[in-house]
Amino acid sequence: MPTPEQPVYPAHWEADVVLRDGGTARIRPITPDDAGRLVRFYERVSDEAKYYRFFAPHPRLSDKDVHRFTHHDYDDRVGLAATVGDDFLATVRYDRVDEHGRPAARPGPGGGGAPRADRAEVAFLVEDAHQGRGLASALLEHIAAVARERGIRRFEAEVLPANRKMIKVFTDAGYSQRRSFADGTVHLTLDLEPTAASLAVMRAREQRAEARSVQRLLAPRSVAVVGAGRGPGGAGREVLGRLRAGGFTGPLYAVNHALPEGTTELAGVPAHRSLRGIPGPVDLAVLAVPAEQVDRVLTDCGEHGVQGLVVLSAGHTEEAQRALVRRARSYGMRLIGPGAFGVLNTAEDIRLNASPAPYLPPPGRVGIFTQSAAIAIAVLDELEGSGAGLSTFISAGNRADVSGNDALQFWDEDPATDVVLMYLESLGNPRKFTRLARRTAAAGKPVVVVRGGRHSGGALPSGHLVPATHTPEDTAAALIRQAGVIEAGTVTELVDTGVLLAGQPLPTGGRVAVLGNAEALGLIAHDACRAQDLTPLTGAALPPGAGPAEYRQALGAALADPDTDAVVVTAVPTGAPGLTADALAAALRTAIDAAPERKIPVVAAHLAIDGLATALSARGIPGYPSAERAVRALAHAVRHARWRADAADPGTLPAFDDIDEAAAHRIITAAGPAEAAGRHPLAPDRAHRLLAAYGITVLPALPAPDPDAAARAARRLGYPVALKTTAPGLRHRADLDGIRLGLATEGELRRAHAELAAELGWLGAPRPVVQAMAPRGVDTVVRAVADASVGAVLSFGLAGPASELLGDIAHRLLPVTDRDAAALVRSIRAAPMLFGWRGARPVDTAALEQLLLRLGRLLEDHAEIAAVHLEPVVVAPRGLSVLAASVTLAPPPPSPDLGPRRLPAY
């Protein structure tokens with residue numbers, strides 16, 4: 001049982017983090033059991049670092065020091081350590097103090113007395129050998145989060161002026177801060193409320209660290225293959241051969257514990273019975289041993305100082321995988337796999353093929369991430385068929401540690417990569433994925449994704465540890481598009497699109513010139529353009545006997561036409577003199593190079609011209625074996641160009657001067673705690689008042705359980721009125737005729753009440769209400785839901801079952817700008833109903849957009865709101881009316897992407 005000397009250990013403060021150099025460390029609370037570790041750590045620290053910590057010579061820790069620094073109450077006194085294995089690398093500690101800098105008094109029994117102090121003194125100590133790795137910055141993020149949890153709002157620190165590194169840790173953190181100098185020390189005060197700057201700093205550090213951790217796996221200076229067999233066959237021997245054949249530029253070693261004593265070479269590579277026998281450092285170890293041997297080999301790797309692992313071995317249970325990741329991180333290593341296909345890097349100074357792939361592709365500008373080995377093989381095969389090249393490749397298998405998000409962090413800053421292709425079986429951390437993908441795409445590197453199992457209800461292949469994506473598919477797809485991700489339906493489409501984006505400029509519009517020597521193929525290309533919402537232009541109709549010169553002239557004319565945004569060149573063999581693959585490809589390249597400064601994409605669709613795909617690829621022109629594939633890839637590029645233009649001007653977040661955030665907070669607080677299930681609906685009157693605090697008015701409705709009550713309600717509201725059912729199973733069911741409109745007299749109201757009871761009573765109590773008539777318009781539905789995976793999502797569509805059945809609902813992730821709200825309204829297929837379809841009057845979409853912005857702001861300001869449902873919202877030619885609303889409250893979901901950086905916990 002915990003006592004004042006042994007308080008409850010806060011296990012949720014533990015975290016694995018990636019450091020600036022790509023290694024990992026574990027951050028955890030310090031306990032009394034750490035006394036020996038602390039003493040050994042302190043002995044390794046230099047006298048200078050000790051002086052900076054204590055402002056005086058302090059060569060060793062006294063018993064009193066050790067007790068003080070290892071005994072904490074995890075409230076007023078907290079200490080955290082960054083560890084690798086059994087060693088401390090750095091420590092941080094805070095002590096709660098009052099306004100005079102004295103230890104803060106704890107509240108008396110029953111919590112009486114003065115308010116608790118909300119400030120603390122903080123101090124760090126980093127072992128010299130590990131300074132510069134970002135340990136202090138990581139510890140500051142975590143100790144600040146702990147402090148906020150414990151009600152501390154401000155850190156204070158005294159630092160010697162010569163300790164410039166520590167001063168920089170504080171000043172670069174992005175928190176609001178103040179500095180002063182007195183009595184020979186720098187006094188720093190940090191306000192711990194997160195700011196846009198502190199969040200940006202944290203994410204920039206996370207990006208650099210995670211990118212570096214992947215770089216260590218993709219650009220090793222030395223590689224050991226563990227499990228390379230003595231004879232041909234087996235994954236280890238195969239990978240060893242691929243590394244040699246690919247021309248890996250660094251030291252390469254074979255390791256097999258079953259080698260006969262005295263064996264020094266295997267397949268022309270230095271061989272050893274264990275990693276301990278290798279004389280030099282090993283950056284990357286490729287493990288191709290049975291699953292039950294991986295743990296033993298991992299220990300050897302950790303003790304030898306290996307920086308990263310690629311685990312080809314499969315067959316691990318989920319718990320075995322968790323243990324594997326924990327063990328790897330305890331040595332500061334990151335891990336690809338298990339069940340990985342491997343990694344490739346085509347850079348001339350590396351030439352890494354640590355996989356069973358039969359060849360190392362030529363260098364190119366495409367980075368690829370996959371999970372399963374089968375998809376890895378398929379993607380590499382498609383890439384080979386396209387003639388395009390590769391920058392780097394990761395097949396992560398079960399994705400137990402290194403994920404697609406880590407790969408995105410690397411490719412975001414990799415100068416050798418222009419396009420990212422990914423096959424994902426789940427998004428893992430969708431909020432982080434969309435954030436990273438948006439940043440990468442906005443910076444000019446398109447991200448193209450195929451998602452496996454989109455319609456499997458979140459099921460994953462057996463053995464995968466990455467969390468399943470439980471966000472509804474239509475919502476997930478919409479949010480991926482909002483992030484600028486190009487979603488392909490097949491592996492072929494994935495590679496087709498990537499090849500185009502890697503070698504061609506983005507189109508500035510959707511007008512496509514089609515030219516070629518076969519009218520039928522041109523017609524197919526025209527139809528394909530229309531199917532993709534592109535506008536085909538009538539290009540040059542070349543005669544069947546056209547040769548390279550005619551193609552060059554026709555393409556040059558199309559490129560010079562200011563009405564052309566892209567060109568599709570079609571070609572079939574006709575026996576025309578000189579129409580060879582090389583001659584045609586050279587003619588197209590000449591025309592492109594001679595074009596004016598306005599560069600537009602050119603793609604080719606060809607049938608049965610031997611060698612044309614290779615000839616085109618060699619000249620930087622994407623070639624496809626069908627017009628449909630060429631146009632589909634081009635359409636992705638057109639839509640991505642539009643997204644990028646919109647991303648450059650995202651709009652503004654509106655500033656409303658008529659909202660009452662405090663009143664909304666009081667309504668939510670007064671609603672009381674959630675029910676045991678964690679969610680509870682807000683009473684209708686409270687829901688309406690909550691919405692009104694943000695300028696959203698719900699048209700009043702009064703209960704009408706019997707005809708007399710209905711008449712009284714109508715007199716109160718004024719005729720004409722509407723009578724409608726509010727029974728959960730009957731609402732919004734136009735097919736059941738549960739509403740009567742325009743009731744102008746009491747007689748009409750009473751007859752309508754009787755009809756409603758007679759016609760719908762068999763379905764249950766209709767629970768009718770009387771409501772004032774709203775101006776006629778278009779019925780719509782607006783929803784907002786706090787999704788635990790992606791954050792708050794705003795949704796819009798027309799009211800009625802047709803929109804639900806056809807999936808015609810649009811979604812946007814919060815926060816929404818004015819441009820987001822306008823796009824949301826216009827992105828449903830039924831949007832013409834709002835803009836004067838078939839002669840009807842256009843409705844007030846400006847008022848609708850304002851409603852969306854206000855609702856979005858409500859959820860942004862109050863994390864306790866789990867859902868809001870407004871249906872119907874009748875949008876009239878002037879203004880709108882919200883006829884029904886419901887609000888659901890719940891404890892705020894965790895936001896892992898907003899806290900201190902950490903790797904997924906196992």
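Every number here is computed from the coordinates shown, using simple stated rules; none is lab data. These numbers were taken from a predicted model, which means no experiment stands behind them. Glycine also receives a Cβ, built like all others from the backbone with ideal geometry; neighbour counts cover every protein chain displayed.
Percent relative contact order of the range 213-500, based on C-alpha pairs within less than 8 angstrom and at least six residues apart?
15 percent
All C-alpha to C-alpha distances of the range 346-437, sorted into 10 Å bins beginning at zero, yield P(r) values of 16, 51, 30, 3 percent in whole numbers.
Rounded to the nearest 500, the 222 nm mean residue ellipticity of the chain from helices alone is -10500 deg cm²/dmol, with -39,500 (n - 2.57) taken per DSSP H run of at least 4 residues. Each other residue within a Cβ distance under 15 Å of ALA587 adds +1 if Lys or Arg and -1 if Asp or Glu, for a net charge of 0.
More than 18 angstrom separation, counting every C-alpha pair in the range 219-341; what % is that?
Numbers: 3450 of 7503 pairs.
Considering the range 219-341, 46 percent of its Cα-Cα pairs are separated by more than 18 Å.
Modelled label positions at HIS470 and ARG689, each set 7 Å beyond Cα in the direction of Cβ, lie 3.4 nm from each other.
Label separation (ASP706 vs ARG530): 6.5 nm, computed from points 7 Å beyond Cα along the C-beta direction.
Under the criterion of Cα pairs below 8 Å and six or more residues apart, the relative contact order for the range 11-193 equals 19 percent.
Dipole of the chain computed with +1 at Lys/Arg Cβ and -1 at Asp/Glu Cβ about the Cα centre; of GLY489, GLY387, THR780, farthest Cα towards the positive end is THR780. With the simple spin-label model, which puts each label point 7 Å out from Cα in the Cβ direction, the GLU318 to ARG221 separation comes to 4.1 nm.
Residue ranges 244-252, 651-659, 493-501 sort as 493-501, 244-252, 651-659 when ordered by packing (mean number of other C-beta atoms within 10 Å per residue, highest first). If you plug the beta carbon distance of ARG102 and ASP349 into 1/(1 + (r/R0)^6) with R0 = 56 Å, you get a FRET efficiency near 0.40. Contact order, relative form, for the chain: 8 percent (alpha carbon pairs under 8 Å, 6 or more residues apart, mean separation divided by residue count). The charge dipole of the chain, taken about the Cα centre with unit charges on the Cβ atoms of Lys, Arg (+1) and Asp, Glu (-1), comes to about 740 debye, rounded to the nearest 20. Maximal additional length on extending the ALA442-ARG841 stretch stands at 139.8 nm, based on 0.36 nm per residue less the C-alpha distance.
On the beta carbon distance between GLU149 and PHE181, with R0 = 30 Å, the FRET formula returns roughly 0.40. Dividing the Cα radius of gyration of the chain by 2.2 N^0.38 Å, with N the residue count, gives 1.12. Taking Cα centroids, how far is the range 257-333 from the range 792-825 in Å? Each part's Cα centre sits 51 Å from the other's. Got a sec? Which residues in the range 76-94 would a label at ASP33 touch, if it sits 7 Å along Cα→Cβ and we count backbone N under 17 Å? Under cut-off, by backbone N: 79-88.
Given a Förster radius of 45 Å and the C-beta distance between LYS64 and THR189 as r, what FRET efficiency does 1/(1 + (r/R0)^6) yield to the nearest 0.05? Could you put the intermediate results ahead of the total?
On the way: r = 29 Å, r/R0 = 0.64.
The value I calculate is 0.95.
Counting pairs on different chains as well as pairs 8 or more places apart, how many Lys pairs in the chain have Cα atoms under 23 Å apart?
Details: LYS50/LYS64; LYS50/LYS165; LYS50/LYS168; LYS432/LYS445; LYS445/LYS599.
Counting lysine pairs in the chain gives 5.
Descending by average beta-carbon neighbour count within 10 Å, the peptides 275-286, 511-522 line up as 511-522, 275-286, the highest first.
Between PRO362, PRO338, ALA376, the Cα set farthest toward the positive side of the dipole of the range 275-389 (charges on each charged residue's Cβ, about the Cα centre) is that of PRO338.
When +1 charges are put on Lys and Arg Cβ atoms and -1 charges on Asp and Glu Cβ atoms, the dipole computed for the range 11-193 relative to its Cα centre reaches about 240 debye. The Stokes-Einstein estimate for the range 213-500, based on a Kirkwood radius over Cα pairs and taken at 4 °C with 1.567 mPa s viscosity, is a diffusion coefficient of 68 µm²/s.
Taking the mean number of other Cβ atoms within 10 Å as a proxy for protection, how do you rank 560-571, 301-312 from highest to lowest?
Details: 560-571: 21.3, 301-312: 23.7.
Result, highest mean Cβ count within 10 Å first: 301-312, 560-571.
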